[in-house]
Amino acid sequence: MPTPIATVRTASSAVVSTNKLIRNTYLLLSMTLLFSALTATLSVALRMPPMTYLVSTVVALLLAWFVLPRTANSAAGLGVVFAFTGLMGFALGPMLNMYLALPHGPQLVATALGGTGVIFLGLSGYALTTRRDFSFMGGFLFVGMLVVLGASLLNIFLQIPAMSLATSAVVVLLMSGFILFDTSRMVHGGVDNYIVATVQLYMNIFNLFVSLLQILGITRDE
Amino acid sequence: MDLLSILSAIFLAILIALLLPRARQMLGHSPPAQRGDWQSLLLPLLAVVGFVLLLMKLV
């Protein structure tokens, strides 16, 4: 039977490792976001063609799916995370160029960027301070994501602007849910690797930014 | 339909096929919601909706 002192020591060491995980994740996340902004700026300056979005995203996701799981526990994992986020940032170039060319385009992009930051910090702060376990949402979020991907696939053929707006709105809600889910997983032990946690949060921020940009772009057009 | 649309459609179809087993696993292994869990989710999501509506008014 464990002594009270041993129980307190175990609990305190769990708190220390959770705090370390959260600190390392947010540190790496901020560095990767800065790097991503750098590669996005480069892609905008080079006026990359629209195909860049698809090619960079596919290569980045291949890295995340097949290389990251093998390297996440080593220093090489850091290189993979920067390659992944750099490619995702580079992918944004053609889309950003399209929005920047609109009247008041820079204001639109800045609003989407600021809005993404406020939503992420607000939701992550909420999950960290309330310490609620949002793991019950897992199935709901993944099924929601599949429905959205199916709707996006359908809309490639149908080309309905209202459906595109609806899909983006649902993605904003889903990514908000994923931010709560992934942040609470760090607190409650669902994830114990800061590299993996960074990639998950980065994807939430990326998708949130793209969807917010589309919503603001579509409503501005009308 | 241009090449980019066709390739995007293929990419999305592959993404759905790759995510399907993960979604099935998450559905089976997610813990059930406790009392008050959905309410605690509703509050921040409503705040997000309100904030996005505000941004739409601003641009």
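The values are calculated or read from the model by the stated rules, or taken from the named source; none is laboratory data. On a predicted model such as this, the values are computed, not experimentally measured, just so you know. Every residue, glycine as well, gets a Cβ built from its backbone with ideal geometry; the counts of neighbours run over all protein chains shown. Surface accessibility is based on the protein's heavy atoms, side chains included, excluding ligands, DNA and RNA. Shrake-Rupley method; radii C 1.70, N 1.55, O 1.52, S 1.80 Å.
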Taking only C-alpha pairs under 8 Å that are 6+ residues apart, what is the relative contact order of segment A:24-126 in percent? 36 percent
For A:TYR194, what accessible area in Å² do you get when you roll a 1.4 Å probe over the heavy atoms of the protein chains, rounding to the nearest 10? 80 Å²
Using alpha-carbon coordinates, inclination of helix A:51-62 to the longest axis of chain A, degrees: 20 degrees
Plugging the Cβ-Cβ distance of B:ILE6 and A:ALA166 into 1/(1 + (r/R0)^6) at R0 = 25 Å yields, to the nearest 0.05, a FRET efficiency of 0.60
So which residue, out of A:MET88, A:MET186, A:MET31, gets the largest mean-square fluctuation from a GNM of chain A using Cα contacts under 10 Å as springs? A:MET31
If you take the charge dipole of the protein assembly as shown about its Cα centre, with +1 on Lys and Arg Cβ and -1 on Asp and Glu Cβ, which of A:PRO49, A:TYR26, A:GLY217 is farthest toward its positive end? A:TYR26
Using alpha carbons only, how many degrees (0 to 90, rounded to 10) separate the axis of helix A:161-188 from the longest principal axis of chain A? 20 degrees
Roughly what angle does helix A:76-91 make with the longest principal axis of chain A, taking Cα atoms, 0 to 90 degrees, to the nearest 10? 20 degrees
So, with a 1.4 angstrom probe, what is the percent of accessible area on chain A that is carbon and sulfur? 72 percent
Work out the length of the dipole vector of chain A about its Cα centre, built from +1 on the beta-carbon of each Lys and Arg and -1 on the beta-carbon of each Asp and Glu, and round it to the nearest 20 debye. 460 debye
Report, largest value first, the span of the C-alpha coordinates of chain A along each principal axis, in whole Å. 67, 33, 30
Gyration tensor on Cα atoms of chain B, a ≥ b ≥ c root eigenvalues, a/c under 1.5 rounded, else prolate if a/b beats b/c, else oblate, says oblate
Which value, in Å² rounded to 10, gives the accessible area of A:PHE157 with a 1.4 Å probe and all protein chains present? 120 Å²
With a 1.4 Å probe and every protein chain left in place, tell me how much accessible area A:LEU216 has, in Å² to the nearest 10. 0 Å²
Report the Stokes-Einstein translational diffusion coefficient (µm² s⁻¹, integer) for segment A:1-125, Rh taken as the Kirkwood radius over Cα pairs, at 4 °C with viscosity 1.567 mPa s. 76 µm²/s
Using a 1.4 angstrom probe on the protein heavy atoms only, line up A:HIS104, B:HIS29 by accessible area, largest first. B:HIS29, A:HIS104
Per residue of A:128-140, how many C-beta atoms from partner chains lie within 10 Å of its own C-beta, taken as a mean? 5
